[in-house]
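Novice: Take this structure, written in structure tokens, and hold onto it; I'll ask about it next.
The values are calculated or read from the model by the stated rules, or taken from the named source; none is laboratory data. Everything quoted here is computed from the prediction, not taken from an experiment. We place every Cβ from the backbone using ideal geometry, glycine too, and count neighbours over all the protein chains shown. When the accessible area is computed, the model is the full protein with side chains, heavy atoms only, and any ligands, DNA or RNA have been set aside. Shrake-Rupley method; radii C 1.70, N 1.55, O 1.52, S 1.80 Å.
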Amino acid sequence: AADQVIPYLIDNRNGRIYHTLLVSAPQGGKTTLLRDIIRQLSDGIPGLGFPGINVGVVDERSEIAGCYAGKPQKAVGRRTDVLDRCPKAEGMLMLLRSMSPRVVATDEIGRREDAAAIEDLLNAGVTVISTVHGSSLIDIEQRPVIRDLMGQKIFERLILLGRSQGVGTIEAIVDGRSGRTLM
């Protein structure tokens, strides 16, 4: 699911991952795409010469990894630590303090606590990849917390999903800092 977007998420010059926000309406494929991004970053991408990295996942509603008895039932990668059924903001900070992730991923940000935790991750040099419900960039900027994060230009990549060719169609990839459409 992530093959088409992965090259846009990696800064090949220094192997850094761009802070990324996946945007779509409910049931638009955000979580599926997020899960595969996590898996690929964790396991590594030989075709891009990208080694696997430590990824932390806060899976508040057990939708990303689908844990059962503490074990992910969905493929999230061998270097991925999952905090299942843990509140997002609290989980992001727990991962930061105890698991040494290079990337923290979570689903459906939107609360003030989420934004504060994201800022803590950024200050520690950890990349954030998350999702948000919305049908467009204009739509998500109507939400105060997301508008604040967008105004700070925290997200370097914005991936817009739609249904023009079926659920999960990648409609655009936008540089979150310049506003330039990359795909």
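Novice: Does THR127 count as touching a Lys or Arg at 6+ places or on another chain (Cβ under 6 Å) and either open to solvent by less than 30 Å² (accessible area, probe 1.4 Å) or modelled with pLDDT under 95 (or both)?
Specialist: Against the criterion (touching a Lys or Arg at 6+ places or on another chain (Cβ under 6 Å) and either open to solvent by less than 30 Å² (accessible area, probe 1.4 Å) or modelled with pLDDT under 95 (or both)), THR127 does not qualify.
Novice: From THR32, THR20, THR80, which residue is within 28 Å of ARG111 (Cβ to Cβ), among the polar types (S, T, N, Q) and surrounded by fewer than 21 Cβ atoms within 10 Å (Cβ to Cβ)?
Specialist: Selected residue: THR32, the only one of THR32, THR20, THR80 that is within 28 Å of ARG111 (Cβ to Cβ), among the polar types (S, T, N, Q) and surrounded by fewer than 21 Cβ atoms within 10 Å (Cβ to Cβ).
Novice: Related question: Among all residue pairs at least 6 apart or on different chains, which show Cβ distances below 6 Å where the first residue, located in segment 79-107, is more than 25 Å from PRO51 (Cα to Cα) and the second is buried (at least 21 other Cβ atoms within 10 Å of the Cβ) and among the acidic types (Asp, Glu)?
Specialist: Within 6 Å, the pairs are ASP84/ASP59; LYS88/ASP114; ALA89/ASP114.
Novice: Now a separate question. Does ALA172 meet the test of being farther than 22 Å from SER42 by Cβ, in contact with a Ser or Thr (Cβ under 9 Å, 6 or more places away or on another chain) and either of a type outside the set (A, V, I, L, M) or not in a helix (DSSP H, G or I) (or both)?
Specialist: So ALA172 passes the test.
Novice: Here's something else I'd like to know. Among the numbered criteria (1) at pLDDT below 95; (2) farther than 13 Å from LEU21 by Cβ, which single criterion is violated by MET150?
Specialist: The single condition MET150 does not satisfy is (2).
Novice: State whether the residues of segment 65-75 include one that is within 24 Å of ILE154 (Cβ to Cβ), among the charged types (D, E, K, R) and open to solvent by 20 Å² or more (accessible area, probe 1.4 Å).
Specialist: no
Novice: Sort out which residues of segment 155-173 are touching an Asp or Glu at 6+ places or on another chain (Cβ under 8 Å) and at pLDDT below 95, and write them in order of number.
Specialist: GLY162, SER164
Novice: Moving on. Restricting attention to segment 3-17, and to residues there that are open to solvent by less than 20 Å² (accessible area, probe 1.4 Å) and modelled with pLDDT of 95 or more, which single residue is nearest to GLY125 (Cα to Cα)?
Specialist: Checking each candidate, the answer is ILE17.
Novice: Next question, about the same structure. Which pairs turn up if I take residues in segment 15-35 that are farther than 21 Å from LYS153 by Cα and look for partners that are polar (S, T, N, Q) with beta carbon separation below 7 Å, at least 6 apart in sequence or on another chain?
Specialist: Final answer for the pair search is ALA25/SER135; THR31/THR131.
Novice: Name the pairs whose Cβ atoms lie under 7 Å apart, with the first residue in segment 157-182 and within 15 Å of TYR8 (Cβ to Cβ) and touching a residue at least 40 places away in the same chain (Cβ under 8 Å), the second β-branched (Val, Ile, Thr) and surrounded by fewer than 16 Cβ atoms within 10 Å (Cβ to Cβ), and 6 or more positions between them or separate chains?
Specialist: LEU161/THR169
Novice: From (1) at pLDDT below 95; (2) open to solvent by less than 20 Å² (accessible area, probe 1.4 Å); (3) not polar (S, T, N, Q), pick out the condition that doesn't hold for GLY49.
Specialist: (2)
Novice: All but one of (1) open to solvent by 80 Å² or more (accessible area, probe 1.4 Å); (2) under 15 Å from the mean Cα position of the chain (by Cα); (3) of a type in the set (Ser, Thr, Tyr) hold for SER100, so report the exception by its number.
Specialist: All conditions are met except number (2).
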